[in-house]
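The structure appears right after this line, and notes come after that.
Every read-out reported here was derived from the displayed coordinates using simple, explicitly stated rules and does not represent laboratory data. In this text the structure is predicted, and so the values were computed from the model without any measurement. We place every Cβ from the backbone using ideal geometry, glycine too, and count neighbours over all the protein chains shown.
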Amino acid sequence: MPGALYQYLSDDHQRLDALLTRAAAIPGKIDMEPYSEFRKGILRHISMEEKIVLPAISRWQGGRKAALAQRLRLDHGAIVSLLVPPPTHSIVLTLRSIFEVHNPREEDAGGLYEILETLAGPEKEKMLSDLKAAPAVPVLPHNEKPDAIETTRLAVERAGYKMKKSGDEGIQSSSSSSLS
C-alpha cells in the first residue's frame, strides 16, 4: 500500500490531470482559468521533484543519483517547454502523451515515488512537510513569438517525444488575460 509521500505526489498528478482535462474540454477552445491553475501546479510539482525529491534520494544513496533522474529531467524539460507558448489542443495532446509515459515512471512499482518512500525511512514526516510547504513557482506570461513553438518542439524531441497534431492550431483561449 502506498505511503503518505507516494499518495501526496500521486494525488497531485490526479489534480493536475483534472485541471488539464477541464482546460481542453470544449473543442476549439482552451479555457484559460483551469489551464492557468494547471500551469502553476505542474511547475510547482516539477519543482518539488527537482528540488526536494531527487536531491533527497541522492543524499540517501550516498550521493548517487536515482537511476531515473536523467530520464525524468528530460521529461520535465519537455513539459516545461510546452508551457511557454500559448496553449493549443496540440500542446495539450503532447502534454498528455508525455504524461502517459512519464507518470508511470514515477508512480509504478520501482518508480520514483516508491524509491522515495523506501529511502525516506524516519524522515518521511519531514519530507512530507517539505513537499507541502514547497513554494509556488513564478509563472511568466506566454511567449507568443513565432519561434517559441519551434524551440518547444526541439525540447520535446530532445526528450524523445514528438509534438502531436490536432488540426486546430488557431485555437482561441476563452480568456485573454496573461498568466502570472
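Given H placed on each backbone N at 1.01 Å, which residues far from residue 30 in sequence or on other chains put an amide H within less than 5 Å of it?
Residues meeting the criterion, in which the H sits 1.01 Å from N, are 172, 173, 174.
So which lysines can residue 126 reach, going by Cα to Cα under 22 Å and dropping same-chain residues fewer than 8 places off?
51, 65
At 18 Å minimum axial length over the Cα atoms and a Kyte-Doolittle cut of 0.0, report the qualifying DSSP H helices in the chain, or say none.
Taking the DSSP H segments of the chain (at least 18 Å long, mean hydropathy at least 0.0), we get 69-82.
Before rounding to the nearest 500, sum -39500 (n - 2.57) across all DSSP H runs of length at least 4 in the chain and divide by the residue total; then give [θ] at 222 nm in deg cm²/dmol.
-19000 deg cm²/dmol
Could you work out how far apart the two model spin labels at residue 22 and residue 93 are, taking each label as a point 7 Å from the Cα in the direction of the beta carbon, and quote it in nm?
2.5
With +1 on each Lys and Arg Cβ and -1 on each Asp and Glu Cβ, how big is the dipole of the chain about its Cα centre, in debye rounded to the nearest 20?
Here the size comes out at about 360 debye.
How much length would be gained if the chain were fully extended between residue 143 and residue 108, taking 0.36 nm per residue of separation minus their Cα-Cα distance, in nm to one decimal?
Stretched fully, the residue 143-residue 108 segment lengthens by 9.1 nm.
Along the Cα→Cβ direction, 7 angstrom out, place labels at residue 100 and residue 15. What is the inter-label distance in nm?
The modelled label-to-label distance comes out at 2.6 nm.
Within 12 Å, Cβ to Cβ, of residue 112, how many net charges do the neighbouring residues add up to if Lys/Arg are +1 and Asp/Glu are -1?
-4
Between residue 73 and residue 44, what is the spin-label point distance in nm, taking each point 7 Å from the Cα along the Cα→C-beta axis?
2.5
For the chain, which span is the longest to avoid every loop-located (per DSSP) member of trypsin sites (Lys or Arg not before Pro) having at most 12 other Cβ atoms inside 10 Å?
That would be 65-161.
Quick query: amide H of residue 166 versus all other amide H atoms, modeled in the peptide plane; which residues come in under 5 Å with a sequence gap of 5 or more or a different chain?
Close amide H contacts, sequence-distant or interchain: 90.
Which pairs break 20 Å Cα to Cα here: 40/132; 40/162; 29/164?
40/162
I'm spelling it out carefully: the read-out is volume of the Cα convex hull per residue in Å³, the candidates are (i) 112; (ii) 122; (iii) 131, and one was derived from this structure. Which label?
Of the listed options (i) 112; (ii) 122; (iii) 131, (i) comes from this structure.
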